[in-house]
Amino acid sequence: MAHQIVVLGGGTGGTLTANRLRRAYGQNEANIVVVDQNDRHIYQPGLLFVPFGLAHPEDIVRPRSRQLLPGIELHVSPVDKVDVVSDSVHLADGTVLAYDALVVATGAVLQPHETEGLTGEGWMERMFTFYTPEGSAALEGALAHFDRGHLVVNFIDLPIKCPVAPLEFCFLADWYFHERKIRDQVKISFVTPLDGAFTKPVSSRALASLLAEKDIELITEFNTGQVDGASGKLVSYDGREVPFDLGVIVPLHGGAPWVSNSPGLGDELGFVITDEHTLQSKASPNIFVIGDAAGVPTSKAGSVTHFEGEVVTENVQRFLAGEPIDGSFDGHSNCFIETGFSKALLIDFNYGTEPLEGHYPTDVGLPLLKESRLNHLGKLMFQWFYWHVLLPGREVPGIKSSMPTSGKKKPVAASSQPVP
Amino acid sequence: MPSKMIAGEDVELTDDGFFVHPEQWKEDMVPDLAKEEGIDTLTDQHWQVIHFMRKEYLEKGEGPTVRVLGKTSGVSVKELYQLFPKGPAKVAAKIAGIPKPIGCI
Ligand SMILES: Cc1cc2nc3c(=O)[nH]c(=O)nc-3n(C[C@H](O)[C@H](O)[C@H](O)COP(=O)(O)OP(=O)(O)OC[C@H]3O[C@@H](n4cnc5c(N)ncnc54)[C@H](O)[C@@H]3O)c2cc1C
């Protein structure tokens with residue numbers, strides 16, 4: 001009998017996994033069904049560029065069905081819940097799908113309602129998010145009419161998708177107002193709940209000095225408890241206030257709602273409890289998790305999803321063949337950080353190694369943690385790469401899923417003693 | 001690493017004041033640790049949070065973030081800030097003798 005493989009979510013992770021599995025199995029060896037709530041696949045990294053007129057919303061959306069290889073069925077309906085006892089998925093349209101192996105790839109959802117005042121007065125008027133197509137398009141209009149005042153960029157709390165995106169927004173805003181020759185009329189502040197510009201020491205220092213160089217104010221350890229759109233201010237839980245004329249806010253994220261509707265599968269925030277090396281759900285051995293839906297300690301990023309694809313595809317096959325599971329995923333992540341003026345930075349890291357200086361993937365590769373034009377080209381190329389290599393699930397020569405170490409500079413530990 | 005006498009015992013702390021060895025923590029250290037953080041009177045709610053932090057750490061290997069605390073400890077984020085004005089997750093972690101909670105990248 002053919003294996004029944006169900007993939008929940010037809011975004012980055014679901015598409016690339018379904019395509020890789022379709023190649024691995026002949027038509028009569030496996031049935032592969034992808035479930036998604038709609039047929040619009042968004043290239044999410046492009047959302048960052050829309051507010052600055054550098055991309056148009058219609059250019060970053062394609063039909064999901066067209067990204068899937070022939071022989072993969074796309075079923076359009078929201079998922080309602082998964083029953084791990086009977087190995088079946090219940091869809092909102094009433095369909096019940098039984099599976100031998102399930103791949104969860106329903107990503108993360110935005111939860112603006114969890115922050116007091118955020119969706120109240122002023123929402124989509126003086127405060128926006130660029131994390132949705134509607135938000136980023138509306139922000140383009142608001143920025144175009146913004147001639148002077150205080151622009152405040154804030155993310156409420158981690159985890160968020162692509163945690164460097166709010167910083168990139170600041171850098172691009174700096175460039176954008178320079179281009180419009182009104183940079184001196186605009187104050188830009190980056191407000192973060194973290195205790196520095198970023199999470200890990202080496203990259204946090206590098207990014208803080210870049211913010212200072214570009215005259216962007218950095219406000220740290222600010223836990224936004226309330227957004228007051230009527231008077232235009234962020235209020236932290238400990239009573240501090242940051243006034244703004246234009247607020248760009250990344251809401252809290254959680255897992256897709258069906259996860260919390262499926263007992264045993266998710267954590268407090270609705271992310272699926274997952275083994276960080278095998279990417280197998282801890283609730284059941286025939287469930288694998290890829291991308292933002294997974295509760296694993298690395299970035300929620302397309303690059304991570306791409307690197308996870310290899311292990312997930314391999315493990316689905318091993319599981320169905322009754323072979324031992326592969327535990328080799330190392331948390332590998334890399335991100336281009338757009339810094340404006342046609343330059344970008346690149347960071348590369350995994351579970352154990354923080355983003356370091358050096359080059360990627362080897363000594364002669366792209367510079368790490370340093371602004372360069374080459375990295376900016378890399379970021380632009382990523383869109384082509386996304387539709388043509390990453391989603392089809394093709395192998396990339398020279399790029400492995402595990403993190404390369406050869407081009408990296410080891411950090412000098414702050415507490416290390418000089419060798420006598 | 002600095003070490004410090006707390007409730008009559010020598011405890012090793014990180015530069016920013018977190019326990020290096022969570023197993024060195026004892027419940028009778030709590031009043032002293034709390035005083036260091038400017039908390040003179042410990043209410044039942046303080047204890048509830050401190051015990052919860054400790055339990056989560058022992059079960060999961062890391063302390064919860066403020067947001068998770070607000071969802072799971074039975075004390076809302078607002079109240080958490082009233083109890084630990086300088087930052088609930090960090091301050092409660094210090095008092096509960098567990099490492100600094102780090103959300104991921
Ligand atoms: C502004 C922005 C900029 C970014 N920039 C970068 C970048 O530069 N580099 C990078 O690597 N990554 C970047 N990312 C992150 C990247 O887009 C995501 O990490 C990646 O798309 C995750 O893939 P996924 O498959 O887990 O989730 P997604 O691609 O989001 O797919 C999830 C799918 O599940 C579906 N779904 C959800 N719930 C249900 C349900 N109940 N029923 C049915 N279907 C459901 C959704 O419709 C969606 O299609 C960025 C993200 C944003 C928002």
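Which members of segment A:293-334 meet the condition of being outside any helix (DSSP H, G or I), within 16 Å of the ligand (Cβ to nearest atom) and of a type in the set (A, V, I, L, M)?
Answer for segment A:293-334, where residues must be outside any helix (DSSP H, G or I), within 16 Å of the ligand (Cβ to nearest atom) and of a type in the set (A, V, I, L, M): A:Ala294, A:Val296, A:Ala301.
Considering each residue of segment A:287-319, count those that are buried (at least 17 other Cβ atoms within 10 Å of the Cβ) and farther than 23 Å from A:Leu391 by Cβ, and give that number.
Here is the first cut: in segment A:287-319, the ones buried (at least 17 other Cβ atoms within 10 Å of the Cβ) are A:287-296, A:298-317, A:319.
From the residues that got through so far, the ones that are farther than 23 Å from A:Leu391 by Cβ too are A:295, A:319.
Total satisfying the criteria: 2.
Name the strands (runs of 3 or more DSSP E) wholly inside segment A:95-148 in which the number of residues that are β-branched (Val, Ile, Thr) and without any contact (Cβ under 8 Å) to a residue 60 or more places away in the chain is 1 or more.
Passing ranges, in order: A:96-98.
Could you figure out which of (1) in contact with an Asp or Glu (Cβ under 8 Å, 6 or more places away or on another chain); (2) near the ligand (Cβ under 9 Å from one of its atoms); (3) more than 14 Å from chain B (Cβ to nearest Cβ) isn't true of A:Leu47?
Evaluating A:Leu47 over (1) in contact with an Asp or Glu (Cβ under 8 Å, 6 or more places away or on another chain); (2) near the ligand (Cβ under 9 Å from one of its atoms); (3) more than 14 Å from chain B (Cβ to nearest Cβ) leaves (1) as the failure.
Exactly one of (1) touching a Pro at 6+ places or on another chain (Cβ under 6 Å); (2) within 14 Å of chain B (Cβ to nearest Cβ) is unmet by A:Pro361. Its number?
All conditions are met except number (2).
Which one is nearest to the other protein chains (Cβ to nearest Cβ), of the residues in segment A:149-165 that are surrounded by fewer than 22 Cβ atoms within 10 Å (Cβ to Cβ) and assigned to a strand (DSSP E or B)?
Applying the filter and picking the extreme gives A:Lys161.
Name the single residue that is farthest from A:Asp93 (Cα to Cα) among those in segment A:24-44 being near the ligand (Cβ under 9 Å from one of its atoms) and surrounded by fewer than 18 Cβ atoms within 10 Å (Cβ to Cβ). Reasoning before the result, please.
Taking segment A:24-44 first, the residues near the ligand (Cβ under 9 Å from one of its atoms) are A:35-38, A:40-44.
From the residues that got through so far, the ones that are surrounded by fewer than 18 Cβ atoms within 10 Å (Cβ to Cβ) too are A:37-38, A:40, A:42.
Numbers: A:Gln37: 10, A:Asn38: 13, A:Arg40: 18, A:Ile42: 23 Å.
Filtering first and then ranking leaves A:Ile42.
Looking only at segment A:270-292, how many residues end up being near the ligand (Cβ under 7 Å from one of its atoms), not in a loop (DSSP other than H, G, I, E, B) and not small (Gly, Ala, Ser)?
Start the filter on segment A:270-292 by keeping residues that are near the ligand (Cβ under 7 Å from one of its atoms), which leaves A:290-292.
Narrowing further to those that are not in a loop (DSSP other than H, G, I, E, B): A:291-292.
Filter once more, keeping what is not small (Gly, Ala, Ser): A:292.
Counting residues in segment A:270-292 that are near the ligand (Cβ under 7 Å from one of its atoms), not in a loop (DSSP other than H, G, I, E, B) and not small (Gly, Ala, Ser) gives 1.
Please find, among A:Leu143, A:Leu167, A:Leu158, the residue that is under 30 Å from B:Leu69 (Cα atoms) and out of contact with any strand residue (DSSP E or B) (no Cβ under 7 Å at 6 or more places or on another chain). Before you say what the answer is, go through the steps one by one.
Details: A:Leu143 fails: under 30 Å from B:Leu69 (Cα atoms); A:Leu167 fails: out of contact with any strand residue (DSSP E or B) (no Cβ under 7 Å at 6 or more places or on another chain).
Every option except A:Leu158 fails the conditions.
From A:Phe349, A:Phe341, which residue is within 14 Å of the ligand (Cβ to nearest atom) and either in contact with a strand residue (DSSP E or B) (Cβ under 6 Å, 6 or more places away or on another chain) or touching a residue at least 24 places away in the same chain (Cβ under 8 Å) (or both)?
A:Phe349
Checking B:Gly63 against (1) under 22 Å from B:Glu12 (Cα atoms); (2) surrounded by fewer than 20 Cβ atoms within 10 Å (Cβ to Cβ); (3) not β-branched (Val, Ile, Thr), which test does it fail?
(2)
Checking A:Ser236 against (1) within 11 Å of chain B (Cβ to nearest Cβ); (2) polar (S, T, N, Q); (3) within 30 Å of A:Phe336 (Cβ to Cβ), which test does it fail?
Only one criterion in (1) within 11 Å of chain B (Cβ to nearest Cβ); (2) polar (S, T, N, Q); (3) within 30 Å of A:Phe336 (Cβ to Cβ) is unmet by A:Ser236, namely (3).
Just to be sure I understand the filter: pairs with C-beta atoms under 9 Å, separated by 6 or more residues or on different chains, first member in segment A:318-331 and without any contact (Cβ under 8 Å) to a residue 40 or more places away in the chain, second member acidic (Asp, Glu). Which pairs pass?
A:Arg318/A:Asp326
From B:Glu37, B:Glu12, which residue is under 13 Å from the mean Cα position of the chain (by Cα), modelled with pLDDT of 90 or more and within 14 Å of chain A (Cβ to nearest Cβ)?
The conditions single out B:Glu37.
Looking at segment A:50-64, which of the residues that are more than 8 Å from the ligand (Cβ to nearest atom) and surrounded by 17 or more Cβ atoms within 10 Å (Cβ to Cβ) is nearest to A:Ile5 (Cα to Cα)? First the steps, then the outcome.
Taking segment A:50-64 and keeping what is more than 8 Å from the ligand (Cβ to nearest atom), we get A:50-63.
Cutting the leftovers down to surrounded by 17 or more Cβ atoms within 10 Å (Cβ to Cβ) gives us A:50-52, A:55, A:60.
Details: A:Val50: 36, A:Pro51: 39, A:Phe52: 41, A:Ala55: 36, A:Ile60: 29 Å.
That would be A:Ile60.
Can you work out which of the residues in segment A:307-329 that are acidic (Asp, Glu) and closer than 30 Å to A:Phe49 by Cβ is nearest to the other protein chains (Cβ to nearest Cβ)?
Only one residue fits best here, namely A:Glu308.
Looking at segment A:166-251, what strands (runs of 3 or more DSSP E) fall wholly within it and have at least 3 residues that are closer than 27 Å to A:Leu368 by Cα? Break it down into steps so the answer makes sense when it comes.
On the way: elements: A:186-191, A:216-219, A:224-228, A:233-236, A:241-243, A:246-250.
In segment A:166-251, the matching strands (runs of 3 or more DSSP E) lie at A:186-191, A:216-219.
Determine the pairs where a residue that is more than 14 Å from chain B (Cβ to nearest Cβ) and closer than 21 Å to A:Val34 by Cα, located within segment A:290-306, has a partner that is among the charged types (D, E, K, R) and more than 6 Å from the ligand (Cβ to nearest atom) with Cβ atoms under 9 Å apart, the partner being 6 or more residues away or on another chain.
Going by the 9 Å Cβ cut-off, the qualifying pairs are A:Ile290/A:Glu308; A:Gly291/A:Glu308.
Which residue out of A:Leu16, A:Leu21 is assigned to a helix (DSSP H, G or I), within 14 Å of the ligand (Cβ to nearest atom) and either more than 14 Å from chain B (Cβ to nearest Cβ) or in contact (Cβ under 8 Å) with a residue 60 or more places away in the chain (or both)?
Only one candidate qualifies: A:Leu16.
Taking the residues in segment A:2-13 that are more than 9 Å from the ligand (Cβ to nearest atom) and out of contact with any helix residue (DSSP H, G or I) (no Cβ under 7 Å at 6 or more places or on another chain) as candidates, determine which candidate is nearest to the other protein chains (Cβ to nearest Cβ).
Among those residues, the one meeting the criterion is A:Val6.
Starting from residues that are in contact with a helix residue (DSSP H, G or I) (Cβ under 7 Å, 6 or more places away or on another chain) and more than 14 Å from chain B (Cβ to nearest Cβ), keep the ones in segment A:264-279 and report whichever is surrounded by the most Cβ atoms within 10 Å (Cβ to Cβ).
Selected residue: A:Leu279.
Suppose we keep only residues that are surrounded by 16 or more Cβ atoms within 10 Å (Cβ to Cβ) and closer than 28 Å to A:Met124 by Cβ within segment A:198-218. Which one would you say is farthest from the other protein chains (Cβ to nearest Cβ)? Let's see the steps before the verdict.
Our first condition is that a residue be surrounded by 16 or more Cβ atoms within 10 Å (Cβ to Cβ); within segment A:198-218, this holds for A:198-200, A:202-204, A:206-208, A:210-211, A:214, A:216, A:218.
Still in the running and closer than 28 Å to A:Met124 by Cβ: A:211, A:214, A:216, A:218.
Details: A:Leu211: 18, A:Lys214: 22, A:Ile216: 21, A:Leu218: 18 Å.
Per the stated criteria, the residue is A:Lys214.
The values are calculated or read from the model by the stated rules, or taken from the named source; none is laboratory data. Values in this document were obtained by computation on a predicted structure and should not be read as measured data. All Cβ positions, glycine included, derive from the backbone under ideal geometry; neighbour counts span all protein chains shown.
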